[in-house]
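For reference, the structure is listed below as structure tokens.
The values are calculated or read from the model by the stated rules, or taken from the named source; none is laboratory data. Bear in mind the structure is a predicted one, so any value in this text is a computation, not a measurement. Backbone-built Cβ (ideal geometry, glycine too); neighbour counts: all protein chains shown. To get the accessible areas, we keep the full protein, side chains included, count just its heavy atoms, and leave off ligands, DNA and RNA. Shrake-Rupley method; radii C 1.70, N 1.55, O 1.52, S 1.80 Å.
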There are 2 protein chains.
Amino acid sequence: MRGYYTFFERTLRAFNDHSTVSKLLVISSVSGGGLLAFSDANAFQSYAEGDGKKKKVVILGTGWAGVSFLKNLKSSSYDVHIVSPRNYFAFTPLLPSVTNGTVEGRSIVEPIRNIARKKPFGVGFKEAECYKIDPVQKKIYCRSTDQGNTLGGNEEFTMDYDVLIVAMGAKSNTFNTPGVEEHAHFLKEIEDAQNIRRSIIDCYERASLPSISEEDRRRIMHFVVVGGGPSGVEYAAELHDFAHDDLAKLYPSIKDYLRITLLEAGDHILNMFDSRITKFATEKFERDGIDVKTGSMVIKVSDKHISTKEIKTGQTVSIPYGMVLWSTGIATRPVIMDFMKQIGQGNRRVLATDEWLRVEGCHGVYALGDCATINQRKVMEDIAVIFSKADKNNSGTLDLKDFKDVVDHISERYPQVQIYMEKKKLKTFDALLKSAQGNDNKLIDIETFKNALHEVDSQMKNLPATAQVAAQQGEYLASCFNRMEQCEKYPEGPMRFRGTGCHRFRPFRYKHFGQFAPLGGEQTAAQLPGDWISVGYSTQWLWYAVYTSKLVSWRTRVLVVSDWLRRSIFGRDSSRI
Amino acid sequence: MRGYYTFFERTLRAFNDHSTVSKLLVISSVSGGGLLAFSDANAFQSYAEGDGKKKKVVILGTGWAGVSFLKNLKSSSYDVHIVSPRNYFAFTPLLPSVTNGTVEGRSIVEPIRNIARKKPFGVGFKEAECYKIDPVQKKIYCRSTDQGNTLGGNEEFTMDYDVLIVAMGAKSNTFNTPGVEEHAHFLKEIEDAQNIRRSIIDCYERASLPSISEEDRRRIMHFVVVGGGPSGVEYAAELHDFAHDDLAKLYPSIKDYLRITLLEAGDHILNMFDSRITKFATEKFERDGIDVKTGSMVIKVSDKHISTKEIKTGQTVSIPYGMVLWSTGIATRPVIMDFMKQIGQGNRRVLATDEWLRVEGCHGVYALGDCATINQRKVMEDIAVIFSKADKNNSGTLDLKDFKDVVDHISERYPQVQIYMEKKKLKTFDALLKSAQGNDNKLIDIETFKNALHEVDSQMKNLPATAQVAAQQGEYLASCFNRMEQCEKYPEGPMRFRGTGCHRFRPFRYKHFGQFAPLGGEQTAAQLPGDWISVGYSTQWLWYAVYTSKLVSWRTRVLVVSDWLRRSIFGRDSSRI
């Protein structure tokens, strides 16, 4: 009990230090923002016009991005509406814990209407799915979710918008593998977690029946996780804990049939993490008896078998299973695909926005979270305009003053410049120039300029599809919306290289606060900023503290912590409900 | 907050006083038992024979009766197996609270395997449904519950038994009303409660959509409860509290559309309670705006309307609704019906057992709880054998000694005698005789004897289909099984009037500890033994205390109490999960 006491004490301390914790560790505020594009600078002029009527802002989705936007929106100059098939926000990082009953599903959700009614302005919520966006008419088509037989089928309606915030997330990516939709579990929604839980208990109960053959019992008790990313790894670890801590006691006669396999197509699991973490996780799983199979690509799932292709040998293997979880990444939703076709993004795989989160190719639509990626402009594409803008007297060369005037704007407009310099350990722009020039010449011509910057675009990276990114984007966009009028008058963004004046807002900039990979048995690995690696029990406490502080309300915080306490006292429940 | 504190304090006190509370209020042990029948006294001889092999006892069902039997079974001389489609026990009296999220479903369930592994003897559990009982071959046919597509359909198997404990409960009685199965909710399982909850939220969300017509909105927000028994009344009250305490804040624009109607075919609601309670409940519901319609019989349920026949006027009325809960009593399950046909009970509506809970017409089968009723023998049917047994010297009359020798046996064998005497306020049997005889004649002939007893059978009543009865029956039967060998040698039951010697066990005797009817708003009515009526806040505390102490394990106790605390602090959750 001492351990638990310590945990509780720490959590309490984390509560008390909440303001500090949230500043340090939580998806916290980004420093600024920047919204006016240089391509279509007039898109949002109307906000500042003050024609008396409030602009109608429609938010699609109640995940991390949408809710983070809603929570941070403070300005009362908008008429806000939300459309989502889920009338609650779910704290998805704890979904793997819900699968095993460590945390109760209800503890990690917060009704949207609860969040909405705390806003000083009215927020309309519609529980419905948007199935079509019409960016020309500025209209969305919605359908109520299926709700049993007494409500008379689906209800359809349309809504106008002035501004649309697309934050619908993504669907699971099956890579069109046959049988996945029909037979595999996903882990994106609360219902998924509850179904997985029920499925595991079903397998245990089924394997306990007297008429089951030895072969079938072995098959049923084989649980397969496809995908060695953080979600897959965490789920495999949670399942292992559930099986060994709780189920083994209740099903002593079949506990030795249990087998957990993790299939990963790549060379190793957790490939976005530092290799030390990957090694630690692989070794821990080996000790735990979780079978990690890398280089194994799933090509088909049938009702009782998974077929894989071993990448090294080309062999096809058929694996009998009882339950399979599919966790291999995300894909674009059909409604977004259709929207992309309409706005000329039909040849892309993911919806593209500019650095201010505005959807390219239409007006008044923003996209954030998993449903979009930022199409970061390359420095080399703009190098000529940047140079000519800096070269005020059209001399064909920049002197030091010209150069210093644009340096900050470049580094703000193109984040890859900063990343490149950090990587090369260059402290100032001067040093970058020097490394290109080879001498101390004070005048810089276009070729030297190009030389200095020609490698920076290699540092461009898509942001990961994580809750952290979505939440920061929502917060960023809300802060832009809050300061719309003010920044109209006093722009705070970088210089417009292709136009005149400055961008209204700073572009979105992601701050990485680290990533956790819980490995089971109160062991967690974390990769924190500055390449700080942390593994073990203490990281598990950090994980508890961070996740507690990140939870959306005091209600969910207390519920989750009391769930943890309940679990530590009574174990996890194994009832089939 | 003071109120809550007091509640918590009291609950804690109830915890500390647990041993006392459970003795006073809880479904507690009945004083004795009696198992050997006079009709087929050899049915259980084999238990005492001690042939080395343990008798295989199969329990069907994991409700109140089955679990109470299991929990109280202490003897290790049986090989115990349980077959049930639910691998958990659910504390059903709190189901209405689950419908509204006052208590979490998981808090009121206890895995059977958790209960089973605490027994000193091994207990086998199979998650399956028994679909056929073969009392001749002493075999049951089972089918696993449907468990998704990867487990390959239903698994079928058979099991032998030496003793079968039928405790499968009952199904909801629709009285063959068309449309009930398809459109109405029942409230018997945890899943039912969760579905009702989701359905209520669905109605609120649907009614909030912009495209819904005024008429439809009114319809959708009309919730109907059919049946004015304790369950229906409690659910209506819980729904009212949920709507007014929590949902009204979150759905301000539609809250005034809400209407709750309680339909009862009889003259008044709660008709098994004292008329003071009925009156109080009716008045409270009137104040709360719950529409109570008595004398209204449902004749049809369609997807959007309920048709009723008004008993007084004969009129047919069609009522539009959004959600309907059907709570009008219970009916026999098909598997029991089939079993009854096999054992010559085909013309009965409910499975009959004798006073020792043995199923009439077959060997080695017991039935308890909602799936059976006790077929209490009438005194007048046996009056001749009783008299001749008492008349030891065949004189045709009984003297006072003869009479005194049989008096206790009669009153133990025929509980209606005692009830009759209590009702007539007769303290001794002598007084009963006097009232029949009209004088003090010391010799009693058969006519006087008949006269004295001819009215007692009118006091025979079927036991109510409650958790209390089922739990007491389970406990009674377990205590018989525990003392099987001992009571074989030293029988403790009454004299066998038709045979020789005494019955091995006392017959089952129900002790009524009172009944609660929660009326919402922390108001509860209770009818306690001795016609003690209690209504109001204090009864609510009593309700909390009793229900807490009744819960099956410390785990569920803590979970339920912490759910109550959570609810009192944060309100109920309205997420659609």
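Counting only residues at least eight positions apart within a chain, or on another chain, the aspartates and glutamates with an alpha carbon under 15 Å from that of A:Lys300 are A:Glu181, A:Glu182, A:Glu264, A:Glu310.
Mean sequence separation of contacting Cα pairs (under 8 Å, at least six apart), scaled by the length of the stretch A:381-459, corresponds to a relative contact order of 36 percent.
Would you mind checking A:Lys55/A:Lys138; A:Lys309/A:Lys461; A:Lys71/A:Lys550 for any pair whose Cα atoms are more than 19 angstrom apart? Walk me through the numbers on the way to the answer.
Details: A:Lys55/A:Lys138 12 Å; A:Lys309/A:Lys461 30 Å; A:Lys71/A:Lys550 13 Å.
A:Lys309/A:Lys461, as the Cα separations exceed 19 Å there.
Viscosity 0.890 mPa s, temperature 25 °C: what is the translational diffusion coefficient of the stretch A:381-459 from Stokes-Einstein with a Kirkwood Rh over Cα pairs, rounded to a whole number of µm²/s? The estimated diffusion coefficient comes to 195 µm²/s.
Taking the DSSP beta bridges with both ends in the protein assembly as shown, the antiparallel portion is around 55 percent.
Can you tell me the accessible area per residue over the protein assembly as shown, all protein chains present, probe 1.4 angstrom, in square angstrom?
I get 42 Å² per residue for the protein assembly as shown.
With respect to chain A, whose longest principal axis is taken over its alpha-carbon atoms, helix A:467-482 is tilted by about 40°.
Considering Cα pairs under 8 angstrom that are at least six residues apart, work out the relative contact order of the stretch A:172-329 and quote it in whole percent.
Details: 271 pairs, mean separation 54.2, N = 158.
It rounds to 34 percent for the stretch A:172-329.
Note on B:Glu422/B:Asp134: beta-carbon distance plugged into 1/(1 + (r/R0)^6) with R0 of 35 Å gives a FRET efficiency of 0.20.
Projecting the Cα atoms of B:His183, A:Leu351, A:Ile299 onto the charge dipole of the protein assembly as shown, computed from C-beta unit charges around the Cα centre, puts A:Leu351 farthest toward the positive end.
Each copy carries a label point for A:Glu156 at 7 Å from Cα along the beta-carbon vector; from one copy to the others these points are 4.5 nm apart, nearest first.
From the cross-link list B:Lys119/B:Lys341; A:Lys171/A:Lys284; A:Lys54/A:Lys489; A:Lys425/A:Lys450, which pairs have alpha carbons spaced over 28 Å apart?
Distance filter (> 28 Å) returns B:Lys119/B:Lys341; A:Lys171/A:Lys284.
Relative to the dominant Cα principal axis of chain B, helix B:190-207 is inclined by about 20°.
Each principal axis of the stretch A:132-206 carries a Cα extent, and these read 54, 36, 21 Å when sorted largest first.
Tell me the total accessible area that B and A bury against each other, 1.4 angstrom probe, in square angstrom rounded to 100.
The B and A chains share an interface burying roughly 5800 Å².
Under a model in which nothing but the beta-carbon of Lys, Arg (+1) and Asp, Glu (-1) is charged, the stretch A:172-329 shows a dipole of about 340 debye around its Cα centre. Measuring nothing but protein heavy atoms, the accessible surface of the stretch A:381-459 at 1.4 Å probe radius is 49 percent carbon and sulfur. Between the helical axis of A:415-424 and the dominant principal axis of chain A, each derived from Cα atoms, what acute angle in degrees is found, rounded to the nearest 10? Roughly 80 degrees, rounded to the nearest 10.
Across identical copies of the chain, A:Glu381 has label-point separations of 9.3 nm, listed in ascending order, with the point defined 7 angstrom from Cα along Cα→Cβ. Label-to-label distances for A:Asn271 across copies, nearest first, come out at 7.2 nm, using points 7 Å from Cα in the beta-carbon direction.
Calculated from the alpha-carbon coordinates, chain A shows an Rg and a Dmax of 26.1, 90 Å respectively. Of the residues A:Pro120, A:His240, A:Cys203, the one whose Cα sits farthest towards the positive end of the charge dipole of the stretch A:97-240 is A:Pro120 (charges of +1 on Lys and Arg Cβ, -1 on Asp and Glu Cβ, taken about the Cα centre).
When only the Cβ of Lys, Arg, Asp and Glu is charged (+1, +1, -1, -1), the dipole of the stretch A:381-459 relative to its Cα centre reaches about 260 debye. DSSP assigns beta bridges within the stretch B:73-141; of those with both partners inside it, close to 55 percent run antiparallel. For the stretch B:558-577, a decrease in accessible area of 20 Å² or greater in the assembled protein chains relative to the isolated chain, with a 1.4 Å probe, applies to B:Val558, B:Leu559, B:Arg566, B:Phe570, B:Asp573, B:Ser574, B:Ser575, B:Arg576, B:Ile577. Only Lys, Arg, Asp and Glu carry charge here, each on its Cβ (+1 for the first two, -1 for the last two); on that basis chain A has a dipole of about 900 debye about its Cα centre.
For the stretch A:65-125 and the stretch B:275-307, compute the distance between their C-alpha centroids and round to whole Å. If you average the Cα positions of each part, the centres end up 37 Å apart. Within the shell of other residues whose beta carbon sits under 13 angstrom from the beta carbon of A:Gly289, the net charge comes to -2, with Lys and Arg scored +1 and Asp and Glu -1. Equivalent-ellipsoid semi-axes for the protein assembly as shown (Cα gyration tensor, √(5λ), whole Å, largest first): 70, 34, 24.
Output the relative contact order of chain A, whole-number percent, from Cα pairs under 8 angstrom with separation of 6+ residues. Walk me through the intermediate numbers first.
Working: 1052 pairs, mean separation 125.2, N = 577.
The value is 22 percent.
Sum up the charges of everything whose Cβ sits under 10 Å from the Cβ of B:Thr397, counting Lys and Arg as +1 and Asp and Glu as -1, but leave B:Thr397 out. Summing Lys/Arg as +1 and Asp/Glu as -1 gives -3. By the compact-protein rule of thumb, 2.2 N^0.38 Å, the alpha-carbon radius of gyration of the stretch B:173-329 corresponds to a ratio of 1.00.
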